[in-house]
Each structure stands twice: as structure tokens, then as C-alpha cells.
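Okay, so here's the structure we're looking at.
Just so it is clear, none of the values below were taken in a lab; they were calculated from the coordinates. Everything quoted here is computed from the prediction, not taken from an experiment.
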Amino acid sequence: MPAPQNQGIIALNSKAVAKMCQGQYQDASMLLGRALRRVKERMLDPKVVSDESSSSDESEDYTVRSCFIEVDEGNSSSVFSMYNRALVVNGTDNETIFSSRNEATVSGILLYNLGLCSHIQALSGLDDHHKLEKAMQFYKAAAAIISLNQNLCGADRLLYLAIYNNKAHIFSNLFCDEEAQRCLAWLQEGLQLPEEHVTENDELVNRDLVDIHLNVALFHGNRSHAPAA
């Protein structure tokens, strides 16, 4: 029987994404914050640690789907398009979803969705500078967590690309060209996944990568046509 605590984390994220789709970003942020607190409580629970150390390292297969969020980028001065999709975890057994590397992925998704909430609010002109800084903090935290996983494939790959695309969007808006270039390099690396590492989950999310491919191409094109100093 799935642990209620784990089930709550997945459900809270799904509810938060539903709120984001309705434009209720403060409510969504509260739900995501609650989910992160439950992740922390779970990590500090000695019973959970003991159960995991005595169990196998195999984890339940699961998928991550993206959910389109309507965004007005009218206030954006970025060459990059924002990746305006929240991420939702689909799984059948939450106890095994939270074993091994998957815990880092789910935590990264919660932080990414929190960053997206602040990012969208900034584009709406709601305390934009503070919100952009907050979004960047969440994206950086998500990137640090996902870096714990060795191979970027499936859900990890989509999360990685979403994070660095939106970091590049923020840096471009702030005219931090050098930082945006670093993000571009990370994006190019993530897009060039070796064929042998492609999973079924990669096939499910490939349609979402079109915008990111275009961002990389447009950013290169913009720089190559820029006037010399």
C-alpha cells in the first residue's frame, strides 16, 4: 500500500500545477512549498532511511508530462522564449517512485515549478525584479539537485533542459550575455543526448524540445548578425 506521505507529495504537485493553469500562482507556490516540506520530513524520517537501506535499489518506472501555462511575454526583452510548461509526475506506486534517484528528480520538479511561478509573475509586471531573482534561486536549487543524477535521460533530461532554458531567458532579460551563453552551452549538451541513452520517456517529451531547439538556433543567429563593436 503506497505511503500516504509520499502520495501527498505527488498529489500536491499536481494540485499546484492545476492552480498554475488557472493563474493562481500564490496558491500554487504554497502547495509546492508544502510538498517540499514533506520531502524534507521524509528524508529526516529514520524509519524511511532504514527501509531504503534494506531494500533493493530498483525503482518504479514513471513518466513526467508537461502542462502548458498561458504566459504573456509582452514585458520580456529576451531573445529566448520561456519554457512555459509546468511538470507533473505520473506514477502508479509512490513508494517505489521515491526510491533511489527518483527522489532527486521529484524534488527538482517541485523547485522548478516554484521557479516557474515566480518567473511568470515577473513577466506580468508583479514586482518583476524581485520575482526574477526568486525564480533564479529556485532554478539554481533545482539544477543542483538534478546534478546528483549521473545520466541525463527521460524526466531528468526534460527537467534539465527546462531549467537551463528558463535561466537563459532570465539572463537574457537582464542583459547578462555571458551568463546566457553558459546556459546555451548546457542546453546544447543536453540536446545532444547519445542515441543509446534515449528512453521511452524521452520519446514522450521530444515534442516539448522543439521550442528549446529554436531558442538555441535563434540565439546563435542573433549573435552572428549582431553589429561589431
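In summary, the lysines within cross-link reach of Lys140, defined as a Cα separation below 16 angstrom excluding same-chain residues under 8 places away, comprise Lys131, Lys167.
Residues whose amide H comes within less than 5 Å of that of Asn90, counting only those at least five positions distant or on another chain, are Thr63, Val64, Arg65 (H built at 1.01 Å from N in the peptide plane).
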